[in-house]
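Here's the structure we're looking at; comments come further down.
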Amino acid sequence: MKVGIIGGGIMGVCLGYYLSERGAEVEIFEASSTIGGLAGSITLEDGTRVDRFYHALLSSDSHLSGLCNQLGIADQLRFNETRMGFFYRGRIHSMNNVLEFLRFPPLGWIDRFRLGLTVLYAQFVKDWHKLESISVEKWLLALSGKGTYKNIWLPMLKAKFDGGFENTPATYIWSRLVRMKSTRSGANQKEQCGHLIGGYMTLIEAMTARILTTGGLIHLRKPVSRVDIEDGRAVKIITGNESHRFDVIVSTIQPPVFQRMLPNAPLDYRELLGGTQYLGIVCPLLVLDRPLSGYWTLNLTDDSLPFTGIIETTSYIDPQYVGGHHLVYLPKYTAPGSRYQDLCDEEIKAQWLSHLETMFPSFQRSWIRDFQVHRERYVEPLHVLNGTHLIPSIQTPIENLYLVSNAQIYPALTNVESISRKAQEVAALILNP
């Protein structure tokens with residue numbers, strides 16, 4: 001079977017790998033000059049390659065660990081204990097064990113108990129369908145109470161959704177609580193996170209090598225303009241003045257972008273694709289000569305701050321693997337149409353560093369080795385109450401045309417663990433329809 005894949009991000013490469021391993025002849029078309037997409041890398045001025053956006057591999061990511069074993073790169077995995085904290089009213093409060101939890105100042109005894117109950121209760125919810133009709137606000141208020149909701153959940157939700165989240169189902173927070181709890185083990189419930197030496201590009205390059213070994217092709221700088229449909233069947237991918245014929249065509253790009261490639265598809269299907277909403281991201285990477293906080297994640301309860309959180313990946317990645325640098329990601333998730341996507345890099349840098357200096361009075365700009373701003377408009381799909389019928393199906397109404405994107409990974413989080421699982425599932429569906 002000859003399969004054309006639109007998009008060379010992590011989903012496209014994973015899908016290409018699983019298809020080629022089962023005998024398909026694969027060609028991947030990527031518009032940019034590099035593969036990997038959101039999981040790709042950048043190169044710093046000194047030649048050090050680092051992840052463009054922040055990622056973490058959890059000890060519970062069994063499918064991803066198995067994939068690394070298959071590819072012979074499991075020896076590149078490293079896991080370390082991490083720390084998480086909250087920035088509340090000008091101070092950092094560690095939240096990594098029971099004693100720290102019990103001393104957490106924003107919450108009274110009852111609030112702390114109810115916060116712990118919320119985390120525990122989420123682990124016992126097996127039928128997530130029941131949460132689809134309950135708003136995240138209503139669910140958290142019922143379990144955590146007004147005090148915890150006001151001081152912890154509300155500012156975090158406002159920051160994550162760049163304002164409004166009224167139509168967001170409880171599955172959003174449930175999936176996050178379940179995933180983060182899954183990485184804590186032992187009597188002390190220590191959190192372990194990991195990474196691949198060289199970042200996710202180590203994984204992507206290993207899969208790419210397998211695709212090429214089996215006779216597959218990867219075309220870079222080849223944006224797809226449209227998919228040709230004849231008699232209700234997808235037959236060709238058009239790139240510039242070239243056409244490429246396939247037995248099966250699979251899009252791995254975001255549905256709103258994909259619909260522009262289907263001018264001859266049924267109107268109701270194109271409207272479904274175009275209606276899929278996404279959070280975007282503006283994510284500066286701050287490269288320092290020393291640690292900033294020592295915490296992997298600093299959750300921010302002050303919604304006046306422009307960034308959503310502070311992610312210091314070198315709290316669990318030994319700096320020796322990233323050129324001796326200390327990497328701090330300062331993401332701002334953006335709602336559709338957000339003004340932050342239109343700010344220039346210098347405006348972002350001025351705002352972000354000004355707030356960082358207020359948060360960390362000892363911080364000096366002389367510590368900065370590099371400051372890069374990266375942004376994407378389609379990062380995390382927005383799901384709404386009772387909205388599963390709005391999620392496009394993998395099998396499109398057009399014969400021989402499939403769609404697989406992070407919009408269909410629901411209610412799981414759209415990390416590389418869930419993406420690799422979905423890619424394997426779709427490869428089996430394509431080869432055994």
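Could you pull out the residue among 132, 100 that is without any contact (Cβ under 8 Å) to a residue 24 or more places away in the chain and touching a strand residue (DSSP E or B) at 6+ places or on another chain (Cβ under 6 Å)?
100 is the lone residue from the list that is without any contact (Cβ under 8 Å) to a residue 24 or more places away in the chain and touching a strand residue (DSSP E or B) at 6+ places or on another chain (Cβ under 6 Å).
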Looking at (1) surrounded by fewer than 19 Cβ atoms within 10 Å (Cβ to Cβ); (2) within 30 Å of residue 6 (Cβ to Cβ), which is the one condition that is false for residue 339? (2)
Filter segment 389-415 for residues that are at pLDDT 95 or above and of a type in the set (Val, Ile, Thr); the one that is farthest from residue 351 (Cα to Cα) is 398
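Between 203, 267, which is at pLDDT 95 or above and over 30 Å from residue 72 (Cα atoms)? Spell out how you get there, then give the answer.
Numbers: 203 fails: over 30 Å from residue 72 (Cα atoms).
Only one candidate qualifies: 267.
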Specify which of the listed residues (372, 364, 341) is in contact (Cβ under 8 Å) with a residue 24 or more places away in the chain and over 28 Å from residue 275 (Cα atoms). 372
Which of the following residues is farther than 24 Å from residue 372 by Cβ and touching a helix residue (DSSP H, G or I) at 6+ places or on another chain (Cβ under 6 Å): 11, 1? 11
Can you name the residue in segment 169-191 that is surrounded by fewer than 15 Cβ atoms within 10 Å (Cβ to Cβ) and part of a strand (DSSP E or B) and is also modelled with the highest pLDDT among such residues? 190
Can you tell me which residue within segment 192-220, out of those that are in a loop (DSSP other than H, G, I, E, B) and among the hydrophobic types (A, V, I, L, M, F, W, C), is surrounded by the fewest Cβ atoms within 10 Å (Cβ to Cβ)? 220
Which is in a strand (DSSP E or B), surrounded by 15 or more Cβ atoms within 10 Å (Cβ to Cβ), β-branched (Val, Ile, Thr) and outside the structural domain of residue 419 (by TED's automatic domain parsing), of 348, 311, 317? 311
Please count how many residues of segment 320-345 are in a helix (DSSP H, G or I), more than 22 Å from residue 302 (Cα to Cα) and not aromatic (Phe, Trp, Tyr). 4
Write out, first by first residue and then by second, each pair whose Cβ atoms fall under 7 Å of each other, whose residues are 6+ apart or on separate chains, and whose first residue, in segment 277-300, is small (Gly, Ala, Ser) while the second is buried (at least 22 other Cβ atoms within 10 Å of the Cβ). 280/334; 293/310; 293/312; 294/315
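The values are calculated or read from the model by the stated rules, or taken from the named source; none is laboratory data. Since the model is a prediction, treat every value here as computed from it, not as a measurement. Glycine also receives a Cβ, built like all others from the backbone with ideal geometry; neighbour counts cover every protein chain displayed.
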